[in-house]
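J.: Quick one: the structure is below, and I'll ask about it shortly.
Rule-based calculations on the coordinates, nothing more; no lab input. Everything quoted here is computed from the prediction, not taken from an experiment. Glycine gets a Cβ as well: all are built from the backbone with ideal geometry, and neighbour counts include every protein chain shown.
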Amino acid sequence: MAWTKWSYMDHWVTETPQGPQPPSFNRAYMDRYVKELSALGFTGFDTFFFYLPLYAGMYGGVPGFERFLQDNGFEKITGIFSAYPSATKYAAPHVRETHDRIVADCTNTLRMCEGLTGVENFIVMPTSTYWQTEPVTDDTIKVVADLWNRVGELTRRHGMTTTCHFEFWGAIRTREQVDTFLAHTDPELVRFFCDTAQHTIAGVDPVQLFRDYADRCTGFHFKDTKDVDEHEAYRTPPDPELMAPQVTRWFYEMGEGGLVDFPALMKEIVASGYDGWLTVEHDKAELGGGSYAEATAVAKWYIDNVLAEAEAEARAELGSAR
Amino acid sequence: MRDTLRWAYALNQWNVRLDVFVRHEDQQRALKTVSACGFDTIELASGTGRWDNISRPEVILTNHGSHAGFLDFLRRARVQGVSSMFWDPQAPAEEEEGYAFRSTADPDDADAIVEWSRPFVDFVAGVGAEQLVVRPVGSAWMTPPLDADGIKRVGDVWNRVGELTSAAGIGLAVHYDCLGAVHTEAELTGLLDATDPARVGFALDTAELTVGGIDPVAFYRAHADRVAHVHLKDTRHADTGEEYRMPGAESTMLKGGAGRRIERWFFELGTEGGLVDVPGFVAALREHDYPGWVVVESDHGGNPAELAMLNSWYLQHELGIAK
C-alpha cells in the first residue's frame, strides 16, 4: 500500500486583487488553498508558529482552524515550525542569556496549540545565521544544545517532539557540526528533522544522514536543489537564501532534475521502519515565475508515480528478505 | 477519475498567450498536474504556428514525429490519451490562409473550411481521440443575422465535415459558445435540426449555455440523443444585457472592456455564486447513460494548476468520484 501520511508545509503564494499574497489573505483564499492541497491527497498540514495568531483570528482559535482543515479532508495539524533565523539581543540560540526568552516564546506557541488533535513535531531551526554566530566551536554548539534540551523537555510535557531542522546557512551545517550537536542533545528530548535540500546544499548527503540517524529522525522536508554551496554563500550577510551572488534560487520541487536522490531516500525510509509523516515543502517556488500550485501538483505526481514505485520495490525487498 | 462517466481535462488554460506554452518541459508539468489531479485523458485546442506545438496538428507532428510519438510524450506524464480536439475555423491560422477570416455563414467559404478540417480529422483519428469539437459559426458581432436559411448553410458545412469525420471513424460535435452567431435556444435547436444526427453531434458547454441564457440541464434533457460531448465548467454571470452583440465582444464582454465590465465570466466547479447546477447536470448525464467524454475546462480563468486542483476537489468531494 502506498504511503498515505503526506503533509504539506505551509508556504504558498497565490494571486489576489492586491498582488501575489499568502492565502491567509482571507478565508475565501484559504478555502481554495486547502481544497487544492486536499485534492492532491495531502492529509497533514505543517505551519509556522507566526501564522498561529493569524489563523486563530480567522477561525476563532487554532483548533477552529484545524477543524476547517478537517472539514476539507485533512487529518490534523502535524507540525509547528519555530525559528530565530536572525540573532537579536532578545533571542539567539547561541547566546545562553537569551534562552529564557526563547523558552518563554515556545511556551506561548505551545499554549496556542492546546486543544489540537495531536501535533507531532515542534520543528526548530537550532541556530540563527552562520555569519551572526561564527566562530562556531564545540562550545557554541554545546550552548545551543542546552537550549533545545530545555525546549525538548518542555514540548514533551505537551505531547510534542522537539526536532531540529538544519539550514545550509545556519551555524550547524556540516556533517561534523550536526554530529556534535546530536551528541550533545538528549536523544529522548531532541530529534532530527531531515530537510533534503538544505543538507544537500551544505554538502551533506541527506540519505546517509538519515541512514545514520534514523532512530532520531521524526520528519522530512522533501524538496530539491540544483546547487551545492561551493562559494561559501552560507556566510552571506544578511541572508544567503535570497542574496547569494552565485545562486538566485536554491530550492525546487521534486522531479525537476535536482541533486537529491529521492527514490533512494524513500527506500531507506521504508527499510528503517519509519512510519511517520513525510512533508513536502516548496520554499520560494515563485522565484523565476513559478507557481506554488503547479510545483505542488508536480511534486505530488512524482510521489504518486516515482516514489510509489520506489516504495513498492523497497517493500518487496523487505518481504523477500524475511 | 474512477467513475462510470469518462472524465477528461482541457489543456486550453495553460496556453493563454502566443508564446507561453511552448517548451516540452512546461507541457510535461501541465500534464503531470492534470494527472496528479486524477485525470488521465486530455482535450487539445487548435492553434497556429511554430509555438502551438501542442495545438496545431502539423506542428505537433513536427515536434513528435508521429501520432505514436505524441502519445508517448503524453504517457511520460501518465496521461494515457486524448479525448477530443477543439477547432475554430473562424480563428486566424497561418495554416488556413492566415487572416482570411472565412466564415461558415458565407457559402463561398464552405469549400475552404471543409478542406481546412482535414488535418484535424486526420490528427484526431491518428491519436485515437473520439471527437472533433468545433465552433460552428463566428461571433454574432462579426456575422450578419442568421435566418433559417443562414443556419441551414452553416449546418451544411458541418454535414460535409461530418462525412469526413464519419469516414475517419471519429465523431464531430458542434459547440455552443456565448458569443456565437447561433445564440438563442431556437437558433441552436435550428442548427441541430439542420445537421445530420448520424454525423453531427452537439458539444454541450454548461457555462457557455448558461451565459447565453439557456439552461444546460433542461437543454440536455431535451436533446440528450444529440449530445456527443460535454464541457463542464461554471459561470457567475448570465449575459442579460445582450453584451454579446457589442463590437469586439471577445474583449468588450468577455474581458470586461465595456457593458457591465465583467472581467471574468468562467469559473471552476464549486465557485461561490456559480449559476450552473453541476450536480443536477451530472445526475442527468447518469440518468441517460451518457456515453461520451465529460471534459472539465478552466478556460478564461486564472492559474491553471489551481483551477485543475479545485475542479479535482469538486469531483472528489462534491460529486463523490474517487480519484
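J.: Sort A:MET160, B:MET253 by Cβ crowding within 10 Å, fewest neighbours at the top.
T.: On the way: A:MET160 25, B:MET253 28.
Placing the least packed residue first, the sequence is A:MET160, B:MET253.
J.: According to a simple spin-label model (label point 7 Å from Cα along Cα-to-Cβ), what is the distance in nm between A:ASP212 and A:THR117?
T.: A separation of 3.6 nm, rounded to one decimal place.
J.: log₁₀ I(q)/I(0) of the stretch B:251-323 at q = 0.19, 0.22 Å⁻¹, via Debye over equal Cα point scatterers, no solvent, to two decimals?
T.: Per q value, in the given order, log10 I(q)/I(0) is -0.88, -1.06.
J.: Could you list which residues have their amide H under 5 Å from that of A:THR161, counting only those 5 or more apart in sequence or on another chain, with H placed in the peptide plane?
T.: Long-range HN contacts for A:THR161: A:ASN121, A:PHE122.
J.: B:LYS255: which aspartates and glutamates have alpha carbons under 12 Å from its alpha carbon, excluding same-chain residues fewer than 8 sequence positions away?
T.: B:GLU243, B:GLU263
J.: Follow-up question, since we're still on this one. Across peptide A:274-281, how many C-beta atoms of other chains are within 10 Å of each residue C-beta, on average? Mind showing how you got there, number by number?
T.: Numbers: counts 0, 0, 0, 0, 0, 0, 0, 0.
Mean inter-chain Cβ contacts per residue within 10 Å come to 0.
J.: Positive end of the charge dipole of the stretch B:51-198 (Lys, Arg +1 and Asp, Glu -1 on Cβ, about the Cα centre): tell me which of B:VAL161, B:PHE120, B:SER83 has its Cα farthest that way.
T.: B:SER83
J.: Expressed as a whole percent, how much of the Cα-Cα distance distribution for the stretch A:6-321 exceeds 35 Å? Show your work: numbers first, answer last.
T.: Values: 7989 of 49770 pairs.
Of all Cα-Cα distances in the stretch A:6-321, 16 percent exceed 35 Å.
J.: May I pose another question? Taking each residue in A:255-262, count the Cβ atoms of any other chain within 10 Å of its Cβ, then average. What number comes out? Show your work: numbers first, answer last.
T.: Numbers: counts 3, 3, 1, 0, 0, 0, 0, 0.
That average works out to 1.
J.: Treat the count of other C-beta atoms within 10 Å as a stand-in for reagent exposure and order A:HIS221, B:HIS223 from fewest to most.
T.: Details: A:HIS221 25, B:HIS223 15.
Final ranking by Cβ density, sparse to dense: B:HIS223, A:HIS221.
J.: Shifting gears a bit: On a full-extension model of 0.36 nm per residue, what is the gain between B:ARG118 and B:SER251, subtracting their alpha-carbon distance, rounded to one decimal in nm? If you can, show how the numbers build up before the last one.
T.: Details: separation 133, 0.36 × 133 = 47.88 nm, distance 3.03 nm.
Contour length minus the Cα-Cα distance gives 44.8 nm.
J.: Once you place label points 7 Å from the Cα toward the Cβ at A:LEU287 and A:THR248, how far apart are they in nm?
T.: In this crude label model, A:LEU287 to A:THR248 measures out at 1.0 nm.
J.: Just to confirm a number: summing +1 for Lys and Arg and -1 for Asp and Glu over residues other than A:TYR51 whose beta-carbon lies under 13 angstrom from that of A:TYR51, what do you get?
T.: Numbers: positive: none; negative: A:ASP10, A:ASP46, A:GLU66.
Local net charge: -3.
J.: Still on this structure, please answer the following. Across the Cα atoms of the stretch B:6-318, what radius of gyration and what greatest pairwise Cα-Cα distance (Dmax) are found, in Å?
T.: When restricted to the Cα atoms of the stretch B:6-318, Rg and Dmax are 18.1, 51 Å.
J.: Now for a separate question. What value does the protein assembly as shown have for Rg/Rh, both radii from Cα atoms and Rh as Kirkwood defines it? Please report the intermediate quantities before stating the final value.
T.: Details: Rg = 28.2 Å, Rh = 27.0 Å.
Checking Rg against Rh, the ratio lands at 1.05.
J.: Dipole magnitude of the stretch B:6-318 about its Cα centre, charges +1 at Lys/Arg Cβ and -1 at Asp/Glu Cβ only, in debye to the nearest 20?
T.: Details: 27 positive and 48 negative charges, 177 e Å.
In total the dipole reaches around 840 debye.
J.: Provide the per-residue ³J(HN,Hα) series for the stretch A:6-18, in order, calculated from phi with Karplus coefficients 6.51, -1.76, 1.60 and θ = phi - 60°, each as a whole number of Hz, with x at glycine and proline positions.
T.: Couplings: 9, 10, 10, 7, 6, 9, 5, 9, 9, 7, 10, x, 9 Hz.
J.: Calculate the all-directions average of the projected area of the stretch B:1-83's alpha-carbon convex hull, and give it in nm².
T.: Numbers: hull surface 20.2 nm².
For the stretch B:1-83, the mean projected area of the Cα convex hull comes to 5.0 nm².
J.: Net charge around B:SER84, counting only other residues with Cβ within less than 10 Å of its Cβ (Lys, Arg = +1; Asp, Glu = -1)?
T.: Working: positive: none; negative: B:GLU43, B:GLU130.
Spelling it out: positives minus negatives among the neighbours equals -2.
J.: Would you please give the FRET efficiency between B:ALA167 and B:GLU272, computed as 1/(1 + (r/R0)^6) with r the Cβ-Cβ distance and R0 = 56 Å, to the nearest 0.05? Walk me through the numbers before you get to the answer.
T.: On the way: r = 46 Å, r/R0 = 0.83.
Efficiency at R0 = 56 Å is approximately 0.75.
J.: What number, rounded to the nearest 500 deg cm²/dmol, is the helix-based mean residue ellipticity at 222 nm of chain B, given -39500 (n - 2.57) per DSSP H run of at least four residues and division by all its residues? Could you put the intermediate results ahead of the total?
T.: Working: 11 runs with 116 residues, N = 323.
It comes out at -10500 deg cm²/dmol, rounded to the nearest 500.
J.: Provide, in order from the shortest bin, the percent of all Cα-Cα pairs of the stretch A:113-186 in each 10 Å bin, continuing until the bin that contains the maximum pair distance.
T.: Binned Cα distances yield the sequence 20, 49, 23, 8, 0.
J.: Here is a follow-up. Across peptide B:298-311, how many C-beta atoms of other chains are within 10 Å of each residue C-beta, on average?
T.: Working: counts 0, 0, 0, 0, 4, 8, 4, 9, 12, 3, 6, 13, 7, 1.
The shielding value for this peptide is 5.
J.: Follow-up. Which whole-number percentage describes the relative contact order of chain B, with Cα contacts under 8 Å and a sequence gap of 6 or more?
T.: Numbers: 619 pairs, mean separation 59.3, N = 323.
So the answer I get is 18 percent.
J.: May I ask for the Kirkwood hydrodynamic radius of the stretch B:176-228, worked out over all distinct Cα pairs and given in angstroms to one decimal?
T.: Details: mean 1/r = 0.0907 Å⁻¹.
It works out to 11.0 Å.
J.: While we're on this one: Which order do A:TYR90, A:TYR59 fall in if you start with the one that has the fewest other Cβ atoms within 10 Å? Let's see the in-between values first.
T.: Values: A:TYR90 11, A:TYR59 17.
Listed from fewest to most nearby Cβ atoms, that is A:TYR90, A:TYR59.
J.: Next question. Name the long-range amide H neighbours of B:LEU204: under 5 Å, sequence gap of 5 or more, or other chain; modelled H, no Pro or chain starts.
T.: B:ALA228, B:HIS229, B:VAL230, B:HIS231
J.: If you don't mind, there's one more thing I want to ask. When chain B is treated as a GNM, springs tying every alpha-carbon pair under 10 Å, which of B:HIS183, B:HIS64, B:HIS237 comes out with the largest mean-square fluctuation?
T.: It is B:HIS64.
J.: Now a separate question. Would you list, by chain and number, the lysines whose Cα falls below 18 Å from the Cα of B:LYS323, excluding same-chain residues fewer than 8 positions away?
T.: A:LYS5, A:LYS35, A:LYS300, B:LYS32
J.: Can I ask one more? What are the extents of the Cα atoms of the stretch A:197-322 along their three principal axes, in Å, largest first?
T.: On the principal axes, the stretch A:197-322 reaches 52, 31, 21 Å in Cα extent.
J.: Can you show me the helix-derived [θ] at 222 nm for chain A, built from DSSP H runs with n ≥ 4 at -39,500 (n - 2.57) apiece and divided by the number of residues, rounded to the nearest 500. Spell out each step's value before the answer.
T.: Working: 13 runs with 134 residues, N = 322.
Helices in chain A give a 222 nm mean residue ellipticity of -12500 deg cm²/dmol.
J.: Please list 3J(HN,Hα) in residue order for the stretch B:303-311, calculated via the Karplus relation 6.51 cos²θ - 1.76 cosθ + 1.60 where θ = phi - 60°; whole Hz, with x for glycine and proline.
T.: 4, x, 5, 4, 5, 5, 5, 5, 5
J.: Report ³J(HN,Hα) in whole Hz for each residue of the stretch B:41-49, in order, from the Karplus equation J = 6.51 cos²θ - 1.76 cosθ + 1.60 where θ = phi - 60°; Gly and Pro get x.
T.: Result, ordered by residue: 9, 10, 10, 9, 10, 6, x, 8, x Hz.
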